[in-house]
Amino acid sequence: MQNKIEGYCSFIYHDLNQFNTSISSMILERLSSVSSVCLLNEKTKLESYERMKGYFLEEIINAGQQSDHHDLIAKAGLIGVDLSKAFYICVLDCRFQENDLSKELEMQKEILSFLTSFGNEHKQNMLIGQRAKHVILLITEDQVQKEGIRTWLANVVDLLSSQSPSVKFYAGISSKTDNVSHAGDAYKEALTSVRIASKHQQIISFESLGIVGVLINENNEQEVKKMAKACLGNLNMDDPKNVELIRTLYIFLINGGNLEQTAADLALSISGLRYRVSKIENLLQQELRNSMIHYQLLLSIQALIIIGELDIGLK
């Protein structure tokens, strides 16, 4: 079916004298044709249904807080999703190793198909959508209450990684939302969270960002960017060498100043790392062991990553 083998057919003869090549071939051709048509019909219906759910997820995200949430809840009920309950929005960032658009599109279809199958298998009716290289999931709290949203999403990411080893997956989780009219805000929270995710921490919840996640919004991005750059001082982001130093600084900070762990993460020797840290302190004219300086620098780098101003190649 669609150039893929979906199954096999075997003939068992109790008496080999009954075997007739032409009749067996005819039966096989008709059987495969009928099976393919039936399977394709079911596959098309399922894909159309999931596509409709994806469009509805877009409608929810774009609706805004002034929309009639009762109308959205009623529409969701028609596809078996109870949006009167609290829910989470998760954003999966899919990073492809190859820059082949056709392969990426095919892989994205496989990822969406896998997520649909996963939801059906576990009897979890979630909404699945897509924006660029992001996959968006909306799932109600009651469906993941037993294991928790983070553990559930970690299982999904692990399964996706084993199914598609050529794709790197990172995920962001919104805070729990109990009003469907706030779905757009929840999406922004999940998107903000996934920007911070890295190989050191593949799944980030918005709540774990603390105050930095709450403070940054569309109205104050320029002020936050200005303050963050001022905090980094002589570590000018326009210089590629400084970007590498900022990357070293960030990993050093998230490791709590642990030299051994930072050196291992950066594949550096301890002496090489000490040299970089000393150089950073000289440029900043600050002592990194000072807890207040430590926290301000960490917040500044995270803020610049969140608003898309800084890419230090963590993924």
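The values are calculated or read from the model by the stated rules, or taken from the named source; none is laboratory data. Computed from a predicted structure; not experimentally measured. Note that each Cβ is placed from the backbone with ideal geometry, even for glycine, and that neighbours are counted across all protein chains shown. Protein only, heavy atoms only, side chains kept; ligands, DNA and RNA dropped before computing areas. Shrake-Rupley method; radii C 1.70, N 1.55, O 1.52, S 1.80 Å.
Just a few scattered comments:
- A132 paired with K168, simple spin-label distance in nm, labels 7 Å along Cα-to-beta-carbon: 1.6 nm
- Projected label points at L268 and N120, each 7 Å from Cα along the beta carbon direction, are separated by 5.0 nanometres.
- Qualifying lysines (Cα of each under 19 Å from Cα of K279; at least 8 residues distant if same chain): K229, K241
- Leading residue at positive end of dipole, the chain (Cβ point charges), from N242, Q201, A186: N242
- Using a simple spin-label model with pseudo-atoms 7 Å out from Cα toward Cβ, Y13 and N258 lie 6.9 nm apart.
- The chain, accessible surface, carbon-and-sulfur percent (1.4 angstrom probe): 51 percent
- What the Cβ-Cβ distance of E223 and L101 gives, at R0 = 41 Å and to the nearest 0.05, is a FRET efficiency of 0.65.
- Surface exposure of the chain, expressed per residue as accessible area with a 1.4 Å probe, stands at 57 Å².
- Only Cα pairs under 8 Å and 6+ residues apart enter the sum, and on that basis the relative contact order of the chain stands at 16 percent.
- Helix 270-284 vs. the chain, principal-axis angle (Cα, 0 to 90°, nearest 10): 60 degrees
- FRET efficiency, 1/(1 + (r/R0)^6) with R0 35 Å, evaluated for N290 and D238 via beta carbons: 0.85
- Mean Cβ neighbour count within 10 Å, used as a protection proxy, ranking 186-194, 155-163, 20-28, 286-294 highest first: 186-194, 155-163, 286-294, 20-28
- The stretch 31-144, relative contact order [Cα under 8 Å, separation at least 6], %: 34 percent
- Hits among lysines - C-alpha to C-alpha of K133 under 21 Å, sequence gap 8 or more where chains match: K53, K103, K109, K168, K188, K199, K315
- Toward the positive end of the charge dipole of the chain, with +1 on the Cβ of Lys and Arg and -1 on the Cβ of Asp and Glu, the farthest Cα among F96, S25, L283 is that of L283.
- Between 0 and 90°, nearest 10: helix 149-163 axis offset from the chain longest Cα axis: 60 degrees
- Full extension of the chain segment joining K4 with E147 gains 47.9 nm, where the gain is 0.36 nm per residue of separation less the Cα-Cα distance.
- Taking the longest Cα principal axis of the chain as reference, the axis of helix 183-196 is set at about 70 degrees.
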